[in-house]
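Enquirer: Okay, handing you the structure first.
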């Protein structure tokens, strides 16, 4: 188990290094001169030269890369090229906002998805299964900007239960922000909900047809016990992987949904950075997103092996 | 030690009674009666064997008895009475109180019948708790008691383990423990030893027999293996295409069978104890009919050699023959079967065996080794800087003479198949020489020339996987001819017809696709393909294992005939000692990647045996209730080939271990004459003495 964990951590390190090279390389390829962007059109050649000197922009790319990486690891993520403020507090605040949405969304769609998936499996090929499966297919297919707008028009304008604009004040607590979180959380949940329903349904159907479920039935165990200890224990394992992929997506990938609801999350910060050619901000945000993906994947794998004795006792 | 719960009160007619049972499946082609008008009784304490080939409806019957048919199956008519109570009328909810307490079941594949993410102890304990309502701690203690009751070594540790940490034999013990823990009134065992090695099977059968002596449980034992029935059961029912053909006490049905189907089944099994190679196995022609196309008369008539017009006209009823206790048969000519069984047997009884004339060596394998690196690395090994390997084949040298068949036997995981694949070049041997004819062959197939490839051909275990489903079987057989022999179109066609004929397949079959023919026929195609290049050496890796007994028999006859007619030399690999014995003139016994005994088939049969060979022999289920077999049993399963025991690598399991010498020194090869060689520390004279004495005890 320890060797497994160490190996996984090793892989994460390699992933992060590769990702940092790609991120750094990509930002180098962005069009426009960074110094020009920072100082504006009318800057003198002397001032531009000073800025380049100050930021190390005239050094070779690999020197810049290692300098950036070293500072990043130390916790110095650099200053925004636009506001000249350190980007770290900004990113962390946005990360917190994104995490709030992620928590609400996960609490909503994971249990619901599992429940509906199991029900569909138990009612396989009956009307209820067909309804649930049909909806899950639609959820997977519907883009967030469509579901988001539908939710706004229904619950913000028609019934006015939740606010249409979710731009919460900086530093607001979870409780304060909660009403603004609900609509975006639902909008971003639907895809994940669809995936979880489909995965849970498929794996539960698989497990229901195994010999050990038949054996458990023939032991005379109560139905609920067969379901909880023999079916779900085994059929929910693949769902863990789907959930972990969802976490990364919810925190870093919600660019469109955050724009629709005007929610100040990490995804929108990236868009903002790109619009302003704020290379430092883009680099730091991208690294944070990669880290979140890696960590949620690691957690999923550890959870998977903890629940699966075949891996646990290797 | 007694851990049985108190006896339950039994009803008016104790035991299981199945009355006129008909089971129907709703299929796309309409309803199909897969089991028809079946009746049998099992008394408390009795073991009733239900034998039949695949497709006979055995498992359907088991699932009907427990009221657990697939959703498209229904009991159309009949009653299933347990202690006088009809189970057919119970709802699934009512059945839950009967399942596990009154009826338990042991299934075929132990690996698939246990929950992979629940500890062994808990899987036993949950059963006890549901039916007796005792506390968790008590149930756990009971689980450990039960494990030691089924002779599980180190029961309290095993209780904490998970299924993947146990071997198949150990898991089957666990399932037997689960099935007996509530002291049920009916126990159903559905092929409980089929997935196990023959040595493990023997241990499990002993266990079942010994344990059941103490229980008043009625046992329905379902199997395709007649030897297992002979060893274990009191009474037997022979089932064919969903109907009972014959039923009676085992001693009568196996000795004085009164139905041609039983006769055919028993004649299909090669007998290891009979020292004759010229016997032609008594096969059953044709195939089991589908439930939607049953013949109008006796359902066995189309395959019966003694059928008359009257047999085909109307379906014969089951009749009590009054030939001793409850011996019934569904044959109207049973008196003819009884008096002149030869009328129903294969017309050609004996075969002239041609002895090979040359002394040429076809295959000479010299010190062949195959080590696989282990993909899983442990921290300790990393620190010590060594890479562990699996020694699948560890120094095997053997020779095959032109025209002879060399049989290789051993348990699964002993390296038989790896050795064969090394010879064929499908695995790259790690060391050694593979000499065919007078040529030293490269290790891998891709480096061998067309001429070298022609010399060795192989038949694989699973014909489904070895024939391309997209090609007609004719194209599959033609492929080696065009690729290795460059035949013209006309010659090719002639050669194909000849090949199909030689494996007894009609030439019309050439245009069929693999899924349009049966498993036995597919294997015939595979043999034809292997013979296409006139190989010097034919390697058969478990070619008959996946087939039914009657199909096995006809395939074995074909192989014998081919060998006799063509003089092909053959390397025949099987875990089934009886089949190896039947087909081979020489036998090599292999264990943990090494040879332990080699000799002619008739010499191997007689003492001295290597203790491992002896154990294989005594484990073999012989379809004769009076067969005398010594009871030499092996402990545990084959150890992993990563940590090979020092000294004699068989010593941890050896029933004849003499002492420290076995643990520390590699045994020497001893020669008993006539090229019969044994690798053991025990002097051969001593082995002869103890082994003859053991067999004598049984007389």
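Throughout, read-outs are computed from the coordinates displayed, never taken from laboratory work. Owing to the predicted nature of the structure, the values given are computational and were not obtained by experimental measurement. FYI the Cβ positions are ideal-geometry reconstructions off the backbone, even for glycines, and counts take in every protein chain you see.
Enquirer: Taking every Cα atom in chain B, find the radius of gyration and the maximum pairwise distance Dmax, and write them in Å.
Expert: 26.7, 80
Enquirer: Give the order of A:178, B:40, A:159 when sorted by the count of other beta carbons within 10 angstrom, beginning with the fewest.
Expert: Fewest-to-most Cβ neighbours within 10 Å comes out as A:159, A:178, B:40.
Enquirer: To the nearest 10 degrees, how steeply does helix A:2-29 sit against the main Cα axis of chain A, on a 0 to 90 scale?
Expert: Taking Cα atoms only, the helix is inclined about 40 degrees.
Enquirer: Would you mind classifying segment B:192-326 by shape? Square roots of the alpha carbon gyration tensor eigenvalues, ordered a ≥ b ≥ c; an a/c under 1.5 is rounded, otherwise it is prolate if a/b is larger than b/c and oblate if not. Let's see the in-between values first.
Expert: Working: a/c = 1.92, a/b = 1.48, b/c = 1.30.
Prolate, because a/c is 1.5 or more and a/b exceeds b/c.
Enquirer: Oh, and also: Go ahead and run the numbers for FRET between residue A:21 and residue A:83, Cβ-Cβ distance against an R0 of 35 Å, rounding to 0.05.
Expert: Numbers: r = 27 Å, r/R0 = 0.77.
Once rounded, the FRET efficiency stands at 0.80.
Enquirer: Given Cα pairs under 8 Å that are at least 6 residues apart, what percent is the relative contact order of segment A:33-118? The partial results should precede the final answer.
Expert: Working: 26 pairs, mean separation 11.7, N = 86.
That works out to 14 percent.
Enquirer: What translational D, rounded to a whole number of µm²/s, comes out for segment B:645-686 from Stokes-Einstein when the hydrodynamic radius is the Kirkwood one over Cα pairs, at 20 °C and 1.002 mPa s? Intermediate results must be reported in sequence, preceding the final value.
Expert: Details: Rh = 10.7 Å.
My calculation gives 200 µm²/s for D.
Enquirer: For segment B:258-344, taking Cα atoms only, what is the radius of gyration to one decimal and the Dmax to the nearest whole Å?
Expert: Cα only, segment B:258-344: 14.3, 43 Å (Rg, Dmax).
Enquirer: Still on this structure: Provide B:649, B:495, A:158 in ascending order of the number of other Cβ atoms located within 10 Å of each residue's Cβ, fewest first. Let's see the in-between values first.
Expert: Numbers: B:649 22, B:495 16, A:158 9.
So the residues, fewest neighbours to most, are A:158, B:495, B:649.
Enquirer: Treat the protein assembly as shown as a sphere of radius equal to its Kirkwood radius over Cα pairs and apply Stokes-Einstein at 25 °C in a medium of 0.890 mPa s; give the translational diffusion coefficient in µm²/s, rounded to a whole number.
Expert: After rounding, the answer is 72 µm²/s.
Enquirer: Provide the FRET efficiency to the nearest 0.05 for the residue B:86-residue B:135 pair, computing r from the beta carbons and using R0 = 35 Å. Walk me through the numbers before you get to the answer.
Expert: Numbers: r = 35 Å, r/R0 = 1.00.
Once rounded, the FRET efficiency stands at 0.50.
Enquirer: Same structure, new question: Can you pull the Kirkwood radius for segment B:16-61, inverse mean 1/r over Cα pairs, to one decimal in Å? Numbers along the way, then the final one.
Expert: Details: mean 1/r = 0.0829 Å⁻¹.
Computed over Cα pairs of segment B:16-61, the Kirkwood hydrodynamic radius comes out at 12.1 Å.
Enquirer: Using the Cα atoms of segment A:170-280, I'd like the radius of gyration and the largest Cα-Cα distance, Dmax, both in angstrom.
Expert: Just the Cα atoms of segment A:170-280 yield Rg and Dmax of 20.6, 67 Å.
Enquirer: What does the highest-first list of B:73-83, B:108-118, B:407-417 look like by mean Cβ count within 10 Å?
Expert: Working: B:73-83: 17.6, B:108-118: 20.5, B:407-417: 23.9.
The peptides rank, most packed first, as B:407-417, B:108-118, B:73-83.
Enquirer: Evaluate 2.2 N^0.38 Å with N set to the residue count of segment B:105-241, then give the Cα radius of gyration divided by it.
Expert: Values: Rg = 14.8 Å, N = 137, 2.2 N^0.38 = 14.3 Å.
Rg over 2.2 N^0.38 Å, computed on Cα atoms: 1.04.
Enquirer: Can you tell me what the convex hull of the Cα atoms of segment B:440-571 projects to on average, as an area in nm²?
Expert: Dividing the Cα hull surface by four gives the mean projection, 8.0 nm².
Enquirer: A follow-up question, please. Which value, in Å to one decimal place, does the Kirkwood hydrodynamic radius take for chain A when every pair of different Cα atoms is included?
Expert: Values: mean 1/r = 0.0447 Å⁻¹.
Across chain A, the inverse of the average 1/r is 22.3 Å.
Enquirer: How high is the relative contact order of chain B, in percent, with contacts defined as C-alpha pairs under 8 Å that are six or more residues apart?
Expert: Working: 1395 pairs, mean separation 88.7, N = 699.
Once divided by the residue count of chain B, the mean separation gives 13 percent.
Enquirer: Need one number for segment B:606-698: average projected area of the convex hull over its C-alpha atoms, nm².
Expert: 7.0 nm²
Enquirer: For segment B:361-588, what does the equivalent ellipsoid look like in terms of its semi-axes, each the square root of 5 times an eigenvalue of the Cα gyration tensor, given largest first in whole Å?
Expert: On the way: eigenvalues 201, 74, 69 Å².
For segment B:361-588, the semi-axes come out at 32, 19, 19 Å.
Enquirer: Further question: For segment A:222-314, what number results from the quotient of the Cα radius of gyration and 2.2 N^0.38 Å? Let's see the in-between values first.
Expert: On the way: Rg = 18.7 Å, N = 93, 2.2 N^0.38 = 12.3 Å.
That ratio works out to 1.52.
Enquirer: Here's something else I'd like to know. Under the √(5λ) rule applied to the eigenvalues of the Cα gyration tensor, what semi-axes describe the equivalent ellipsoid of segment A:131-170? Give them in Å, descending.
Expert: Numbers: eigenvalues 125, 32, 13 Å².
Over the Cα atoms of segment A:131-170, the semi-axes work out to 25, 13, 8 Å.
Enquirer: Quick one: order A:285, B:648, B:679, B:88 by neighbouring beta-carbon count within 10 Å, fewest to most. Walk me through the intermediate numbers first.
Expert: Values: A:285 27, B:648 24, B:679 20, B:88 16.
Fewest-to-most Cβ neighbours within 10 Å comes out as B:88, B:679, B:648, A:285.
Enquirer: Could you bin all the Cα-Cα distances of segment A:1-83 into 10 Å bins starting at 0 and give me the percent of pairs in each, rounded to whole numbers?
Expert: 15, 39, 26, 12, 6, 2, 0
Enquirer: Looking only at A:301, A:217, A:76, which one moves most when chain A is put into a Gaussian network model with springs between Cα atoms under 10 Å?
Expert: Comparing A:301, A:217, A:76 in the GNM, the peak value goes to A:217.
Enquirer: Can you give the Kirkwood hydrodynamic radius for segment B:550-672, in Å, rounded to one decimal and based on Cα pairs?
Expert: Numbers: mean 1/r = 0.0610 Å⁻¹.
Kirkwood radius, segment B:550-672: 16.4 Å.
Enquirer: Reported to two decimal places, what Rg/Rh ratio describes segment A:202-258 when computed on Cα atoms with Rh from the Kirkwood expression? Spell out each step's value before the answer.
Expert: Numbers: Rg = 16.6 Å, Rh = 13.2 Å.
Taking Rh as the inverse mean 1/r over Cα pairs, Rg/Rh reads 1.26.
Enquirer: Could you work out how far the C-alpha centroid of segment B:634-681 sits from that of segment A:113-133, in angstrom?
Expert: First find each Cα centre; the distance between them is then 58 Å.
Enquirer: What percent antiparallel are the DSSP beta bridges of segment B:16-233, to the nearest 5?
Expert: On the way: 19 of 34 bridges.
Just about 55 percent of them are antiparallel.
Enquirer: Here's another thing I want to ask about it. For segment B:425-484, what ratio Rg/Rh do Cα atoms give with a Kirkwood hydrodynamic radius? Walk me through the intermediate numbers first.
Expert: On the way: Rg = 13.6 Å, Rh = 13.3 Å.
My calculation of the ratio gives 1.02.
Enquirer: Per 10 Å bin, what percent of the C-alpha pairs of segment B:16-233 does each bin hold, from zero upward?
Expert: With a bin width of 10 Å, the distribution comes to 8, 33, 36, 19, 4, 0.
Enquirer: Another question, if that's okay. Work out, in µm²/s and without decimals, the Stokes-Einstein translational diffusion coefficient of segment B:150-192 at 20 °C, 1.002 mPa s, Rh from Kirkwood over C-alpha pairs.
Expert: Taking Rh from Cα pairs, D becomes 189 µm²/s.
Enquirer: So, one more: In percent, what relative contact order does chain A have, based on Cα pairs under 8 Å that are 6 or more apart in sequence? Mind showing how you got there, number by number?
Expert: Values: 340 pairs, mean separation 81.4, N = 314.
Answer for chain A is 26 percent.
Enquirer: Now, a different point. Nearest 10 degrees is fine. How inclined is helix A:237-252 to the longest principal axis of chain A, computing both from alpha carbons?
Expert: For A:237-252 against chain A, the angle is about 30 degrees.
Enquirer: Angle between the Cα long axis of helix A:61-74 and the longest principal axis of chain A, 0 to 90 degrees, nearest 10?
Expert: 60 degrees
Enquirer: Separate question: Can you work out the base-10 log of I(q)/I(0) for segment B:43-129 at q = 0.16 1/Å, using the Debye formula on its C-alpha atoms alone?
Expert: Result of the Debye calculation: -0.85.
Enquirer: Which FRET efficiency, nearest 0.05, do residue B:361 and residue B:483 yield, Cβ-Cβ r, R0 25 Å? Intermediate values should be presented prior to the final figure.
Expert: Numbers: r = 27 Å, r/R0 = 1.09.
Efficiency computed from Cβ-Cβ geometry: 0.35.
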